[in-house]
Amino acid sequence: MARSAIKTRFISHGTLGSKDLEATRRFYEEFLGLEVVRTSPVSLMVRLGGNHVYAVVYSKKKERMDRLYHNGLDVDTDAEVDEAWKLCTEQAGKWGLHDVGKPSARHGTYSFLFWDADDNAWEILSNPRGGYTWIFEQGDLEGRGHFERGFRHKRPDAKESEDAA
């Protein structure tokens, strides 16, 4: 790893906006399964499965998140992606979900995108334990990189999937 000017050690958090903190909290806890704590009258803190957290901050003028800046939530299998997609489509009205895409294979995984009532973009994806750390193990990629057809066979769980088939 290259030596950096700033001696950083951990990506600790990101920030999401909310138009209604109480509704957002219910959605995060009851639908997405996130752990949530209230940190002030205008903010929450959320996490799932690790030490990276998101601050969620109330904003009257929250704008729609571009799909490039989406938030990924991992599940174990492609079947769980399909089940999550089914739940998103069935419960879209209850939670204010919109623009729910269909699951498809992309960048080494299987996933779909949707937007919540706060216009935050989410991706539900099947990934091995450790999320996208397996891509770091590939090192710098050439050509189309992780957009290359068949890239998924480089995942650490690909052999297990092939053996099970």
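The values are calculated or read from the model by the stated rules, or taken from the named source; none is laboratory data. It should be emphasised that the depicted structure is a prediction, and the values quoted were computed from it without experimental measurement. Cβ: placed from backbone, ideal geometry, glycine included. Neighbour counts: every protein chain shown. In case anyone asks, the SASA skips ligands and DNA or RNA and just uses the protein heavy atoms, side chains included. Shrake-Rupley method; radii C 1.70, N 1.55, O 1.52, S 1.80 Å.
Values computed for the structure shown
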| read-out | value |
| --- | --- |
| Theoretical ellipticity at 222 nm over the chain - DSSP helices of four or more residues, -39500 (n - 2.57) apiece, nearest 500 | -5000 deg cm²/dmol |
| Spatial separation of Cα centroids for region 75-123 and region 1-67, in angstrom | 19 Å |
| Cα-based helix-to-principal-axis angle, 78-90 vs the chain, degrees rounded to 10 | 30 degrees |
| Local electrostatic count at R25 - Lys and Arg +1, Asp and Glu -1, tallied over other residues with Cβ under 13 Å | -4 |
| Net charge over other residues, Cβ less than 12 angstrom from the Cβ of G96 (K, R count +1; D, E count -1) | -2 |
| Accessible surface, region 50-165, averaged per residue in Å² (probe 1.4 Å) | 63 Å² |
| Three-way shape label, region 1-96, alpha-carbon gyration tensor, a/c 1.5 | oblate |
| Length gained when the stretch R38-A92 is fully extended (0.36 nm per residue, less Cα-Cα span) | 16.9 nm |
| Cα-based reach from K62 at 18 Å (exclusive), listing aspartates and glutamates while leaving out same-chain residues under 8 positions away | D20, E22, D99, D116, D118, D119 |
| Set of lysines near K86 by C-alpha distance (under 17 Å), chain-local residues within fewer than 8 positions excluded | K94, K102 |
| Gyration tensor (alpha-carbon) shape descriptor, the chain, a/c threshold 1.5 | oblate |
| Accessible carbon and sulfur surface of the chain relative to its total accessible area, %, 1.4 Å | 53 percent |
